[in-house]
Amino acid sequence: MKDLLELMKTRRSVRKYKPDMIPQDVLDRIITAGTYSATGRNLQSPIIIAVTNKEMRDKISEMNRKIGGWAEGFDPFYGAPVILIVLANKSCPTYIYDGSLVMGNLMLAAHNEGIGSCWIHRAKEEFESEEGKEILRSLGIEGEYEGIGHCALGYTEGEYPNAHDRKDNWVYYIK
């Protein structure tokens, strides 16, 4: 395993993926990392939907594209073959924070495995729609879940992005 701080410093959002599928054992390790995220009062409000089925992946991509207002044919998942959708139960007061931590763990674990990732938004709007609610019902997911984000995963096509310089005045100390 790579040094954690080095992983954090070098992980970048990838916006171009090869079509090659991620091996199941690698995907399982990434997902496991998400399930070990800190959650408020250990309520474990988030859930992860792992989408590897191309037809469903493309359906969700199209839902996302329409919400985002992009032209037909645009793929907001940038060709990533795997989408991990993080939702969290709204009955938990910390659900947004809990789901965000899951997203962070997923992206760091992916980077550790040599897999590119990108947080894609609009999951909230997708799963507030009737089409999104039907996807949840088809999986037997009940309750008031809000979409937190999509973690697009895949092998990076081309050069891996470099880190940008850190802004000034990021940290203020009170001593």
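The values are calculated or read from the model by the stated rules, or taken from the named source; none is laboratory data. Note that the structure is a prediction, hence the values are computed from the model and not measured. When we count neighbours, we look across all protein chains shown, and the Cβ atoms used for this are built from the backbone with ideal geometry, even at glycine. Please note that ligands, DNA and RNA were not included when accessible areas were found on the heavy atoms of the full protein model with its side chains. Shrake-Rupley method; radii C 1.70, N 1.55, O 1.52, S 1.80 Å.
A few comments on the model shown:
- Full-stretch length increase - residue 7, residue 121 - with 0.36 nm per residue and alpha-carbon distance subtracted: 38.8 nm
- Accessible area of segment 1-80 divided out per residue, in Å², using a probe of 1.4 angstrom: 64 Å²
- Within the accessible area of the chain (1.4 Å probe), percent carbon and sulfur: 51 percent
- Cα centroids of segment 1-38 and segment 75-98: 15 Å apart.
- Residue 96 versus residue 54: modelled label distance in nm, points set 7 Å from Cα along the beta carbon direction: 3.8 nm
- Under 15 Å, Cα to Cα: Lys pairs in the chain, sequence gap 8 or more or different chains: 7
- Label point distance in nm, residue 36-residue 155, each placed 7 Å from Cα along Cα→Cβ: 2.6 nm
- Each of the peptides 158-169, 103-114, 128-139 was scored by the mean count of other Cβ atoms within 10 Å over its residues; in descending order, highest first, they stand as 103-114, 128-139, 158-169.
- Chymotrypsin sites (Phe, Trp or Tyr not before Pro) within segment 1-73, DSSP loop, no more than 13 other Cβ atoms inside 10 Å: 36, 70
- Mean separation of Cα contacts under 8 Å (6+ apart) over length of segment 62-175, as relative contact order %: 35 percent
- If a spin label sat at a point 7 angstrom from the Cα of residue 20 along the line to its beta carbon, the backbone N atoms of segment 149-169 nearer than 12 Å would be those of 154-158.
- Cα gyration tensor, segment 68-175 - rounded (a/c under 1.5), prolate or oblate: oblate
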